[in-house]
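Notes for the one structure printed next.
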Amino acid sequence: MLICAALACAPQLATARDALPIERLSLPQGFYVEVLSDQVPGARGMALGPKGTLFVGSRAQGNVYAITLDPSRAYAAKVRTVASGLNMPVGVAMRNGALYISAVSRIVRLDDIEDHLDNPGQPAVVYDKLPTESHHGWRYIAFGPDQRLYVGVGAPCNVCKRDEIRYAMIGSMKPDGTDWRVVARGVRNTVGFDWQPGTNTLWFTDNGRDLLGDDVPDDELNRLTRMGEHFGFPYCHAGNIPDPDFGREKACRTFSPPTAKLGAHVAALGMRFYTGKQFPDDYRGSIFIAEHGSWNRSRKVGYRVVRVVLDAKGNVSKQEVFAQGWLGDDDAVWGRPVDLLTLPDGSLLISDDHAGAIYRITYRKP
């Protein structure tokens with residue numbers, strides 16, 4: 001394993017960003033990590049504008065940030081707040097120069113945002129009929145290959161049975177907010193999804209329920225095979241664990257099992273297929289997953305980025321740790337990965353809402 005601090009990778013960046021202890025992060029040989037910015041409080045979902053601006057959502061802060069990258073893409077030349085006072089604006093997505101933002105019950109939009117970074121104006125409301133509950137109310141959003149906006153809607157509870165065409169699901173709409181459709185059901189809380197290149201198949205993470213102990217149930221990586229497919233919540237968890245309260249109503253075999261089990265309480269959030277060319281060839285088409293980390297387990301787990309490798313048929317062949325070190329041996333935490341994004345040069349960005357930072361991982365052949 002190789003450890004690389006910002007000073008070693010980019011000696012010209014002697015700034016406050018070096019205060020983050022990235023020398024504790026370990027990566028496979030040839031990979032290097034540096035701090036793009038540590039001035040992004042609560043950094044969550046990320047989206048890249050066509051002119052190269054990085055947009056980042058937040059949760060408790062209520063802000064959406066615009067990061068202008070240095071031409072080297074090694075650090076943030078400027079960080080602006082382009083929206084504030086929003087209700088947990090975790091999700092951001094770009095289409096035709098417009099920035100779409102999730103805000104619990106609403107989806108809002110800032111038009112031509114990259115031409116108005118210093119004066120973005122008030123966002124227009126695209127859709128305002130999403131659930132208002134704040135429990136699992138922060139929403140990941142992304143545009144699919146069909147140019148529809150996909151929205152994750154979590155369950156408003158740890159475990160409960162609510163209207164499954166309104167809660168615990170993934171929906172989609174046209175960019176103007178019309179034609180709402182249910183895409184996937186029985187999804188407790190997804191905060192990350194992406195489409196597999198070449199197949200346009202939707203894959204997504206899902207957080208397992210709490211209060212069944214330290215080691216069950218697993219978080220899930222799922223693959224959608226048909227519209228309206230049901231993945232088990234609240235009746236069944238991780239494909240084979242009946243819920244103590246609702247499991248007698250419907251058997252686990254009647255639902256789609258996860259494509260991969262990711263571990264209990266790791267809090268698998270953002271996931272992206274690697275589409276760049278900078279990393280070694282065997283990384284292309286791999287899935288990177290940000291594990292935000294456990295909050296109520298007796299011994300912390302997660303707080304890392306894992307890589308999921310698929311075989312030629314699109315099935316999971318292995319899982320491995322890609323980046324770790326945000327969690328210390330003494331259970332001390334200094335960072336929590338949330339989302340991932342591949343830049344055009346093939347480097348990989350990771351957002352961290354605990355440290356308020358964006359990291360950039362690059363590769364150089366040893």
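Per residue, the chain exposes 40 Å² of accessible surface when a 1.4 Å probe is rolled over the protein heavy atoms with every protein chain present.
Gyration tensor analysis over the Cα atoms of region 35-147 returns equivalent ellipsoid semi-axes of 22, 16, 13 Å (largest first, whole Å).
Springs join every pair of Cα atoms under 10 Å in this Gaussian network model of the chain, and among Pro145, Pro71, Pro156 the largest mean-square fluctuation is at Pro71. Leaving out ligands, DNA and RNA, and with a 1.4 Å probe, what % of the accessible surface on the chain is carbon or sulfur? C and S atoms contribute 47 percent here.
So what does the Cα-only Debye profile of region 142-202 read at q = 0.19 Å⁻¹, as log10 I(q)/I(0), no solvent term? The calculated log intensity ratios at q = 0.19 Å⁻¹ are -0.70. Computed from the Cβ-Cβ distance with R0 of 30 Å, the FRET efficiency linking Lys129 to Ala251 stands at 0.35. Coordinate range of the alpha-carbon atoms in the chain per principal axis, descending: 62, 46, 38 Å. The relative contact order of the chain, computed from alpha carbon pairs under 8 Å that lie at least 6 residues apart in sequence, is 14 percent. Taking the chain as a Gaussian network of alpha-carbon nodes connected by springs under 10 Å, the highest mean-square fluctuation of the residues Asn63, Asn96, Asn207 belongs to Asn96. In a reduced charge model with +1 at each Lys and Arg Cβ and -1 at each Asp and Glu Cβ, region 25-363 shows a dipole moment near 660 debye about its Cα centre.
Placing a label point 7 Å from the Cα of Glu23 along the Cα-to-Cβ line, no residue of region 298-341 has its backbone N under 14 Å from it. Each residue of region 229-234 is assigned a 3J(HN,Hα), and the resulting list reads 4, 10, 10, x, 5, x Hz, derived from the Karplus form 6.51 cos²θ - 1.76 cosθ + 1.60 (θ = phi - 60°), x at Gly and Pro. The largest accessible area among Trp180, Trp203, Trp334 belongs to the first residue in Trp180, Trp334, Trp203, and the rest follow in falling order (1.4 Å probe, all chains). Taking every DSSP helix (H) stretch of at least 4 residues in the chain, weighting each as -39,500 (n - 2.57) and dividing the sum by the residue count yields a mean residue ellipticity at 222 nm of 0 deg cm²/dmol.
Listed by chain and number, the aspartates and glutamates placed with their C-alpha closer than 16 angstrom to that of Lys300 are Asp210, Asp214, Asp215, Asp218, Asp219, Glu291, Asp329, Asp330, Asp331; residues fewer than eight positions away on the same chain are left out. Cross-link list Lys261/Lys313; Lys261/Lys318; Lys174/Lys277; Lys161/Lys250; Lys51/Lys78: which exceed 20 angstrom alpha carbon to alpha carbon? Correct reply: Lys174/Lys277. Under a Gaussian network description of the chain, with springs only between Cα atoms under 10 Å, the residue in Phe231, Phe288, Phe246 that fluctuates furthest is Phe246.
The values are calculated or read from the model by the stated rules, or taken from the named source; none is laboratory data. Keep in mind it's a predicted model, so treat the numbers as computed, not measured. When we count neighbours, we look across all protein chains shown, and the Cβ atoms used for this are built from the backbone with ideal geometry, even at glycine. Ligands, DNA and RNA are excluded from the accessible area calculation, which covers all protein heavy atoms including side chains. Shrake-Rupley method; radii C 1.70, N 1.55, O 1.52, S 1.80 Å.
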